[in-house]
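Scroll down for the structure; my scribbles are underneath it.
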Ligand code: URA
């Protein structure tokens, strides 16, 4: 656990501006291990030290892990000048300075998206080397056939020559399929179907590894998960 300055620690945990926290610390609102601390640069070990600010005990979490049911029309980015981003949908109590989506879903794609400030975890989730499965429900403008299922299994070659890994295609209803891929190239699913002459009308991510979007999580809603819960689902499914 890395040590942190008292003002930064309190400000991050309670989502209060650093300048307000500093004034509070000078006024004697911060208590560390039972002692009032007025030094804003006092060094804190969030796992060991007991910190109370303005009467509230602070429970330290080094990183935050958020699962979002992404709605249509929202950008997969940490910030944007004018357009709404997935980070705008995170409730204030879960918001932190450095949170960002883990990979991207297109603006018109819906479904499971992770958001975190843990860069190593995010990297592991999207690294092609880890071969984590991503499962999507796709509404198409036509039906698939056995030949397409075989082509996807053998590895689709995109229009620009990029070779995709083997993908599983399952027909679940007329013009509706589930596709399971283990990589995340730009517009991958749409481009894969483009090679067999099919257009994607709707795209919804239902799972990443063994982590499936909970049915109770409505479009636009977020929930917090722990790192170990996520790792168990995603990496040891
Ligand atoms: N593939 C796409 O084409 N778009 C997405 O949003 C995700 C996968």
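Which count do you get for residues in the stretch 114-152 that are part of a loop (DSSP other than H, G, I, E, B), more than 13 Å from the chain's Cα centre (by Cα) and more than 14 Å from the ligand (Cβ to nearest atom)? Walk me through how you get there before you give the answer.
Step one: list which residues in the stretch 114-152 are part of a loop (DSSP other than H, G, I, E, B), which gives 117-118, 127, 131-133, 141-145.
So of that shortlist, the ones also more than 13 Å from the chain's Cα centre (by Cα) come out as 127, 131-133, 141-145.
This time we only want the ones that are more than 14 Å from the ligand (Cβ to nearest atom), so: 127, 131, 141-145.
Here the count works out to 7.
Restricting the search to the stretch 92-113, which residues are within 24 Å of residue 14 (Cβ to Cβ), part of a loop (DSSP other than H, G, I, E, B) and under 14 Å from the mean Cα position of the chain (by Cα)?
Of everything in the stretch 92-113, those that are within 24 Å of residue 14 (Cβ to Cβ), part of a loop (DSSP other than H, G, I, E, B) and under 14 Å from the mean Cα position of the chain (by Cα) turn out to be 95, 96, 98, 99.
What tally of residues in the stretch 186-199 results from selecting those that are more than 7 Å from the ligand (Cβ to nearest atom) and in contact (Cβ under 8 Å) with a residue 24 or more places away in the chain? Don't jump to the end; show me each part of the working.
Going through the stretch 186-199, the residues more than 7 Å from the ligand (Cβ to nearest atom) turn out to be 186, 192-199.
Pick out the ones that are also in contact (Cβ under 8 Å) with a residue 24 or more places away in the chain and you get 192-199.
So the answer is 8.
When only residues in the stretch 161-181 that are more than 14 Å from the ligand (Cβ to nearest atom) and not in a strand (DSSP E or B) count, which is farthest from residue 110 (Cα to Cα)?
Looking at the filtered set, the residue picked out is 161.
Limited to the stretch 30-42, what total is found for residues that are in a loop (DSSP other than H, G, I, E, B) and closer than 11 Å to residue 10 by Cα?
Total meeting the criteria: 1.
So which of 48, 23 ends up being over 22 Å from residue 231 (Cα atoms) and modelled with pLDDT under 95?
48
Please give the number of the condition residue 198 fails out of (1) under 26 Å from residue 130 (Cβ atoms); (2) more than 25 Å from the chain's Cα centre (by Cα); (3) part of a loop (DSSP other than H, G, I, E, B).
(1)
The values are calculated or read from the model by the stated rules, or taken from the named source; none is laboratory data. All values reported here derive from a predicted model rather than from experimental measurement. In this analysis, Cβ positions are derived from the backbone assuming ideal geometry, glycine residues included, and neighbour counts consider all displayed protein chains.
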